[in-house]
Amino acid sequence: MDPERRRALSLLLSSPRVAPGLLSAGAWEALHGADVVLAADPGGPQAVAISAAGVEVSAVPAGATRSPQSLAEHLLDRAAGGSVVWVGSPDGNPGLAEALAVALPEEDAPMLELLVGSWDVPGARLLDAVAVMDRLRSPGGCPWDAEQTHASLTPYLVEEAHEAVEALEVLDRPDADRDHAVEELGDVLLQVLFHARVAAEHEEDPFDVDDVASGLVEKLVRRHPHVFADVEADTPRAVEANWEQIKAQEKSGTPGRQHVLDGVAAGMPPLARAAKVASRLRRAGKEEWLRDWVEARLEQRDAGALLLEAVLDLHDADVDAAAALRHTLRELEEQLRGAGA
């Protein structure tokens, strides 16, 4: 064996969000070729998986793990006599890399390398969010979180959704605070995780975050046959028309969802609800009826009809009435604040 390769210390980095033992080919090659494989806990999931593949994993002395400095010194001492692979802890052994850089001898030092065994896949941190939410809600967690119900949490969902909208609508500005948008989206995600965790505790009919995600995946696949099946829809308008047709087919078999306005939430903000109602009636071929109805209400001096007419006009121009009003109010506030008024 090449002497330079034999005197080496490889730090195996693997994602705790990937199943133990699912390692890169390079990682397995290094593990099988090492003179010694060390771990703080040979009984840990990753070390057990490596042992099951025929690689002996040895423990370091308890005293060696009391600090990053002591661990670095022990690993370098072992690597002075051969090739060593260190199976790190799930937290990545904070401070170890820095301690190795300090303790590495200036002359005749073993080769030091980071051996990437597995990477997080996109969305992997969602597992951490689920785990944190579970910890907060479980015995010994947060007393406030533990006493919440769907009813008590609902106002926060509405509030956080509005705050996320405010943050997202200004992202196209040069001075946009993108970190703020990330934070607000995280607050919305928290509400989803919280409600799913509460629902998991229902004694008779529980569901959890996996059920929520599974239902979402099924819906997205079902409503995108132009992506996941052989339906053709190569323009946004064609996609929207296909989406509405699929939704109509789904709702036709759902009890209590037969009317064109079924499913339009009464608790929506009024302008958004008006736009939704207008959109539903237009797709149902009742646009002329709606305009006539609004005109009749205007003749009766119905103040609400004035707002509804404005919503319809903006809808014709493909403008979101609620978003347009929020934009105008933001500019009004900024001008007043800028003028010191």
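Each value in this text was obtained by applying a stated rule to the coordinates, not by laboratory testing. Note that the structure is predicted; figures quoted are calculated from it, not measured. Cβ: placed from backbone, ideal geometry, glycine included. Neighbour counts: every protein chain shown.
Among Phe228, Phe194, Phe207, a tally of other beta-carbon atoms within 10 Å of each Cβ gives an order, fewest to most, of Phe228, Phe207, Phe194.
Under 5 Å from the amide H of Leu13 lie the amide H atoms of Leu115, Val116, Gly117, each residue being 5 or more positions distant or on a separate chain, with H modelled from the backbone and absent for Pro and chain starts.
If r is the Cβ-Cβ distance from Glu288 to Glu218 and R0 is 35 Å, what FRET efficiency results, to the nearest 0.05? Result of the calculation: an efficiency of 0.40. Of the trypsin sites (Lys or Arg not before Pro) found in the range 1-90, those that fall in a DSSP loop while having at most 15 other beta-carbon atoms within 10 Å are Arg66.
Here the range 122-222 yields Rg over Rh of 1.02, to two decimals, using C-alpha coordinates and the Kirkwood radius.
Counting neighbouring Cβ atoms within 10 Å and putting the fewest first, the residues Val319, Val121, Val37 line up as Val121, Val319, Val37. Would you indicate which of (i) 26.6, 105; (ii) 29.7, 95; (iii) 19.7, 73 is the value of Rg and Dmax of the Cα atoms in Å derived from the coordinates of this structure? So the calculated entry is the one marked (ii). P(r) of the range 267-323 in 10 Å steps, Cα pairs, percent per bin? The calculated distribution, bin by bin, is 24, 57, 19.
Label separation (Val231 vs Asp128): 3.8 nm, computed from points 7 Å beyond Cα along the C-beta direction. Among Ser24, Ser214, a tally of other beta-carbon atoms within 10 Å of each Cβ gives an order, fewest to most, of Ser214, Ser24.
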